[in-house]
Amino acid sequence: MSIVVTGGAGYIGSTISSILTKAGRSVIVYDNLSNGHQASLPSAVEFIKGDIADREKLENIFKARKVEAVIHLAAFIDASESIKTPERYFRNNISNSLNLVESMLSKGVKQLVFSSTAAVYGNASQIPIKEETLLCPTNAYGESKASVEKMLKWFNQSHGLRCAILRYFNAAGAESE
């Protein structure tokens, strides 16, 4: 069984793909390379260039391969840009995530890890932020991620989609020596 990593050629995705392959898992990276780099992927990864807006291509992947889960990292992530062009963020991060989930469910894939963001909290009133803190995004990026989180809860209730949601601030790697 394979794990599909959408946006898997980016910084976080290529790291996850590397960890999964080292653990002996079969990984399919699905990425449009708008921000990722195919060269950053381990050789054991199957790479498919594509966009999560392409439902037919997604469904063909889920149909042709035995996929057990998806790790969804494909999104626009620039909070400042999202204020200037919110429509771009809503289309890509919400509509295309819906497209992905519908494609998964149509082929019986019911496990998802969703890469969200701590931006869903906006300007939190207390630090450290607790998971139960009220969601109050202050930009379209955070709002788009909060909307997908809400959508996923409904898909869990209605269709049995099992989902883990990760909320984090800027990811940083180890310094090289």
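The values are calculated or read from the model by the stated rules, or taken from the named source; none is laboratory data. Because the structure is a prediction, the values reported are computed rather than measured. Counting neighbours? That spans all protein chains shown, and the Cβs are built from the backbone with ideal geometry, glycine included. In case anyone asks, the SASA skips ligands and DNA or RNA and just uses the protein heavy atoms, side chains included. Shrake-Rupley method; radii C 1.70, N 1.55, O 1.52, S 1.80 Å.
Near the amide H of Leu112, within less than 5 Å, lie the amide hydrogens of Val70, Arg162, Cys163, Ala164, all on another chain or at least 5 residues away, with H placed in the peptide plane. Working value for region 53-177: equivalent-ellipsoid semi-axes of 26, 16, 16 Å, each the square root of 5 times a Cα gyration tensor eigenvalue, largest first. Note on Thr85 and Ala53: the model spin-label points, each 7 Å out from Cα along the C-beta direction, lie 1.1 nm apart. As a ratio to 2.2 N^0.38 Å, the alpha-carbon radius of gyration for region 99-151 is 1.36.
Computed from the mean reciprocal separation of all distinct C-alpha pairs, what Kirkwood hydrodynamic radius does region 1-124 have, in Å? Across region 1-124, the inverse of the average 1/r is 14.8 Å.
Extending 7 Å from the Cα toward the beta-carbon at both Ala23 and Asn170 defines two label points whose distance is 2.8 nm. Residues in region 128-136 carry Karplus couplings, in order, of x, 6, 9, 4, 7, 4, 4, 7, 8 Hz; the curve used is 6.51 cos²θ - 1.76 cosθ + 1.60 with θ = phi - 60°, and Gly or Pro positions show x. In the chain, taking the dipole from charged Cβ atoms about the Cα centre, the farthest positive-side position among Ser80, His159, His37 is held by His159. The magnitude of the dipole of region 23-177, with charges of +1 and -1 set on the Cβ of Lys/Arg and Asp/Glu and taken from the Cα centre, is near 540 debye. Dipole size of region 93-177 about its Cα centre, with +1 on Lys/Arg Cβ and -1 on Asp/Glu Cβ: approximately 400 debye, rounded to the nearest 20. For region 75-131, the solvent-accessible area with a 1.4 angstrom probe is 52 square angstrom per residue. Within the accessible surface of the chain, defined with a 1.4 Å probe on protein heavy atoms only, the carbon and sulfur portion equals 51 percent.
Using Cα pairs under 8 angstrom and six or more residues apart, how large is the relative contact order of the chain, in percent? This gives 20 percent for the chain.
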